[in-house]
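Let me begin by presenting the structure, written as structure tokens, before commenting on it.
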Amino acid sequence: MKIKDILNFFDIDSNDENEIINICLDSKKCSKGSLFIALKGTKNDGSKFIPEALKNGASLVFSETKANGAYNISNIKERLTSFSMWFYGYPNKKLSLIGITGTEGKSTTAYIISQVLNSLKSKNSLLITCTEGIENSICVKNTTPYGNELAEIFNYAVNNGYKYVVMECSSIGISEDKLKGINFDLVSLTNLKEDHLDYHKTKKIYHDTKINFIIKQAKKLVLFDNIKQLKKIANQFDENNLTIIDSSKIEINNCQSTLSFLYDGLYFETKFIFKFNALNIVLAYEALKSLNIKEFEIIKAIKEIKPLLGRGEVINTDPLVIIDYAHTSSSFENIVKEVYTISNDKKIIVVFGAGGEREKSKRAIYGKIALKYCYLPIITSDNNRNEDFSCIANDIVKKHKDKFLIIKDRKLAIKWATSILSSNHILLLVGKGPEKTMIENGISEYIDERKEVKKWLPK
């Protein structure tokens, strides 16, 4: 696209015939033909990286603040998504977009929906995910990418024959206008609990962010009947575009080695474990039904789906070792209680931490839950960021330091916990899930929990 056309989009006169081929937010990724957009974040002002972008060949620069070598576009962050979609020819309008929002279960639900769609005769669903290694997926750094990245992904999906794009819609992504102007053919709401209160400040703001997104940007909606704000949300949809799931119709048969259950008279056999996954599966099932996928095709496909990496993932059976991403107080409690339920009097060793510079209020809750259900709670690092680990650990243990083992180095904590395992133990690793980096003082350290466990398992 010509520079003059881009500038005209922002009501700036130009006759520049030079071509722009991509949009970059990272100065390091700029090259000849790049448009570099310098956004102002909470910690860094992108304008500082304009010289680097120009050095790397950027042909055009926009900045939220006045800066040499750049056009000052004061509302560029708010308009980034709409501009990016326009730049790529509105690929969002050429796809069926499925969004999953809520506090817990987003990743698993999105994964199941995409996997079922791709089990049909034509593999036509692209999943946007933070988990690596999934067929027909794009792995992204942020749960909800910025608008320029989304537009690139949507454009890729169109050019490669995909019909559906399935993605998570995070509250932070919504608040930062990453999804502004994008309408979804279907949105599934998992639940509404508490998360990201360090960002949103109050539970009401957090909930309202998701609710307003659903009301304004969803054509169809699927949700459970036990959501407190159900009436407020449901009143905005006509009955043809609304599915309310009766949660009382879910009857768990077994969740010990694998999960099986009845829903609305239908039998579901799965490769998953843990009762809470029945909710994710039912939500996915009803979402797929609303897309006119046949019941028997959905149930047949679900039977073959393997659990998502790092979500209740069993990486060893004897002794039992489980990895889970749980990073809210309710999801932490869910996974620990579920493991306790299936433990058959085996002793649970749990390795966990809490993110630095994030919701301090949940740390003591983690500690209380761990003490209640676990034989040995081991506190370790979990993205300390710029906060001192000892402060995080103290917030978790409160006055019960003698009842916890504290090992800052996560690799060492895993080594110690794994090396003492016997058939009478269950090891639960919580917090990292599919993530393979640890962040402390601006430095990212590689860690693969699966490899660390397998390295030290008793022979």
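Taking N as the residue count of segment 185-295, its C-alpha radius of gyration divided by 2.2 N^0.38 Å amounts to 1.16. The local environment of residue 337, defined by Cβ-Cβ distances under 13 Å, has a net charge of 0 under the rule Lys, Arg +1 and Asp, Glu -1. Take the convex hull of the alpha carbons in the chain; its mean projected area over all directions comes to 23.1 nm². Mean sequence separation of contacting Cα pairs (under 8 Å, at least six apart), scaled by the length of segment 3-74, corresponds to a relative contact order of 24 percent. May I ask which residue of 443, 416, 323 lies farthest towards the positive end of the charge dipole of segment 313-456, with charges of +1 (Lys, Arg) and -1 (Asp, Glu) on Cβ and the Cα centre as origin? With unit charges placed on the Cβ atoms, the residue in question is 416. Taking each DSSP H run with n ≥ 4 as -39500 (n - 2.57) and averaging over every residue of the chain yields -10000 deg cm²/dmol at 222 nm. To the nearest 10 degrees, how steep is helix 76-87 against the longest Cα principal axis of the chain, on a 0 to 90 scale? Once rounded, the angle reads 80 degrees. Label segment 138-214 by shape, choosing from rounded, prolate and oblate, from the square roots a ≥ b ≥ c of the eigenvalues of the Cα gyration tensor; if a/c is under 1.5 it is rounded, and otherwise prolate applies when a/b is larger than b/c, oblate when it is not. Cα axes put segment 138-214 in the prolate bin. Between the Cα long axis of helix 276-290 and the first principal axis of the chain there is an angle of about 40°, rounded to the nearest 10. Placing a label point 7 Å from the Cα of residue 21 along the Cα-to-Cβ direction, the residues of segment 63-92 with a backbone N closer than 19 Å are 87-89. Angle, helix 106-117 long axis vs. longest principal axis of the chain, Cα atoms, 0 to 90°, nearest 10? Computed tilt is about 80 degrees. DSSP beta bridges confined to the chain are antiparallel in about 25 percent of cases. How about segment 31-100: which trypsin sites (Lys or Arg not before Pro) there are in a DSSP loop, with at most 15 other Cβ atoms within 10 Å of their Cβ? Filter output for segment 31-100: 32, 43, 66.
Report the FRET efficiency, 1/(1 + (r/R0)^6), for residue 247 and residue 172, where r is their Cβ-Cβ distance and R0 is 22 Å, rounded to 0.05. In this case the efficiency is close to 0.20.
Per-residue 3J(HN,Hα) values for segment 162-167, derived from phi via the Karplus relation 6.51 cos²θ - 1.76 cosθ + 1.60 with θ = phi - 60°, read 6, 9, 10, 10, 10, 8 Hz in sequence order (x marks Gly and Pro).
Counting only Cβ charges, +1 for Lys and Arg and -1 for Asp and Glu, the dipole size of segment 313-456 around its Cα centre is about 360 debye. Close amide H partners of residue 272, meaning residues 5 or more places away or on another chain with modelled amide H under 5 Å apart, are 259.
Of the trypsin sites (Lys or Arg not before Pro) found in segment 385-443, those in coil by DSSP whose Cβ has at most 14 other Cβ atoms within 10 Å are 398, 399. Gyration tensor analysis over the Cα atoms of segment 91-304 returns equivalent ellipsoid semi-axes of 25, 22, 16 Å (largest first, whole Å). Sparse packing (at most 16 other Cβ atoms within 10 Å of the Cβ) combined with a DSSP loop state is found for the following GluC sites (Glu not before Pro) in segment 31-139: 132, 135. Relative contact order of segment 313-456: 32 percent, from C-alpha pairs under 8 Å at least 6 residues apart in sequence.
Relative contact order of the chain, taken over Cα pairs closer than 8 Å and 6 or more residues apart, is 10 percent.
Quick one: if the Förster radius is 45 Å, what FRET efficiency do residue 257 and residue 371 give, using the C-beta to C-beta distance and rounding to 0.05? Rounded to the nearest 0.05, the efficiency is 0.95.
Each residue of segment 18-33 was assigned a 3J(HN,Hα) from its phi angle through the Karplus curve 6.51 cos²θ - 1.76 cosθ + 1.60 (θ = phi - 60°); the sequence is 5, 9, 10, 10, 7, 10, 10, 9, 10, 4, 5, 8, 6, 8, 4, x Hz, with glycine and proline shown as x.
Taken as Cα centroids, segment 59-136 and segment 312-359 sit 31 Å apart, rounded to the nearest whole angstrom.
Quick note: the coordinates plus some simple rules give every number you see, no bench work behind them. Source: prediction; values computed, not measured. Cβ: placed from backbone, ideal geometry, glycine included. Neighbour counts: every protein chain shown.
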